[in-house]
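Data block below; observations after.
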């Protein structure tokens, strides 16, 4: 595969989150490119997981299961990033959501591929344990402005329920204890009968202050990581200054407790001409295209096609 980009084009990588993890992703590259094969083989050696089987001979429910799903997405994204760079693609900045933050920081040289796998293996186990101990629920609410949702949430204990993600001006996620979220959901429906509310997978992250105890436990594993200053600007779904190695450690430790503003992240890519998304994050790519109809948006698609392709939207 060849990628035709203007020589003067300012290019960025944007790494999607949990939605990008799909069976068969990059299958053509895995069978035909040694770089991708080496990443998959190294991941299998480090993690002990049958990575290739997960990618190319598993169901989406098996692929998305804790505690391994975050490691698998990281392998997919970082291997595709390495392949694109081997094709001569250089980027001026990176950014990510969820596990994509780990991929972005790895692409920026803040830690190694092996270190990223180690951290995500520990996070997967820690998060799975939390979900066994407490009954959480996460919902997607469509069609209600943020100020209206915030007004309803003001009547609840923020240690039990929070507004956790903003996808755009009318798409929001709310996370919390299941009984409290269901009570809140009923209150929303009572006020806005036409509202569209659906349950989201907990694997997509809770992003709430009640995650602090789990993240504090997770922090102990980060002492083994040699964090480095990023070699590229790294953008996150919340305001952050130029990152040092110490700040990278804090981001990794605490990102699961922070409100995720997808629109804020996308706004940080205004200064580039081409946005490449090493993953199949169709929801994120749609948001990016809506925000930047004038830019070149390239994302990997995979719908079990006989040949993996990159396409322009």
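Would you give the gap between the C-alpha center of region 17-67 and the C-alpha center of region 218-239, rounded to a whole Å? Result: 24 Å between the Cα centres.
Percentage of Cα-Cα pair distances in region 194-280 greater than 16 Å, rounded to whole percent? When all Cα pairs of region 194-280 are counted, 66 percent exceed 16 Å. Pairwise inverse Cα distances across the chain, averaged and inverted, put the Kirkwood hydrodynamic radius at 20.0 Å. Among 87, 71, 160, the residue with the largest mean-square fluctuation in a Gaussian network model of the chain, with springs joining Cα atoms closer than 10 Å, is 87. For region 247-263 versus region 155-169, the inter-centroid distance based on Cα atoms is 16 Å. Compared with the dominant Cα axis of the chain, that is its longest principal axis, helix 245-254 is turned about 50°. A compact globular protein would have a Cα radius of gyration near 2.2 N^0.38 Å; the ratio found for region 258-299 is 1.10. Between the helical axis of 34-47 and the longest alpha-carbon principal axis of the chain there is an angle of about 50 degrees.
What is the angle, in °, between the Cα long axis of helix 113-133 and the longest principal axis of the Cα atoms in the chain? Nearest 10 is fine, range 0 to 90. The angle comes out near 20 degrees. Here, P(r) means the percent of Cα pairs in each 10 Å bin from 0 to the largest distance; for region 32-117 it is 17, 51, 29, 4.
Radius of gyration over Kirkwood radius for region 121-255, both on Cα atoms: the Rg/Rh ratio is 1.02.
Before anything else, pin down the relative contact order of region 135-204: Cα pairs under 8 Å, at least 6 apart, normalised by residue count, whole percent.
Relative contact order comes out at 47 percent.
Helical runs (DSSP H, four residues minimum) scored at -39500 (n - 2.57) apiece and divided by the length of the chain put the mean residue ellipticity at 222 nm at -12500 deg cm²/dmol.
Mind pulling up the Rg/Rh value for region 78-161? Radius of gyration and Kirkwood radius, both on Cα.
1.13
The simple spin-label model puts a point 7 Å past each Cα toward its Cβ; for residue 195 and residue 270 those points are separated by 3.1 nm.
A protection proxy built from the mean count of other Cβ atoms within 10 Å ranks the segments 138-145, 57-64, most packed first, as 138-145, 57-64.
Remark: C-alpha extents of region 1-145 on the principal axes read 52, 44, 28 Å, sorted largest to smallest.
Working note: Cα gyration tensor of region 174-223, eigenvalues times five, square-rooted, sorted largest first, giving semi-axes of 31, 11, 7 Å.
Note down the relative contact order for the chain as a percent, whole number, built from C-alpha pairs under 8 angstrom at least six residues apart.
Contact order relative to length: 25 percent.
For residue 282 and residue 135, the difference between the fully extended length at 0.36 nm per residue and the C-alpha to C-alpha distance is 50.0 nm.
For region 135-204, what is the per residue volume of the convex hull drawn over the alpha-carbon atoms, in cubic angstrom?
Details: hull volume 5.2 nm³, N = 70.
Spelled out: Cα convex hull of region 135-204, divided by residues, is 74 Å³.
Each reported figure results from applying straightforward, stated rules to the coordinates on display, with no laboratory input. What you see is a predicted model, and the numbers here were worked out from it, not measured in a lab. Virtual Cβ from ideal backbone geometry, glycine too; neighbours counted across all protein chains shown.
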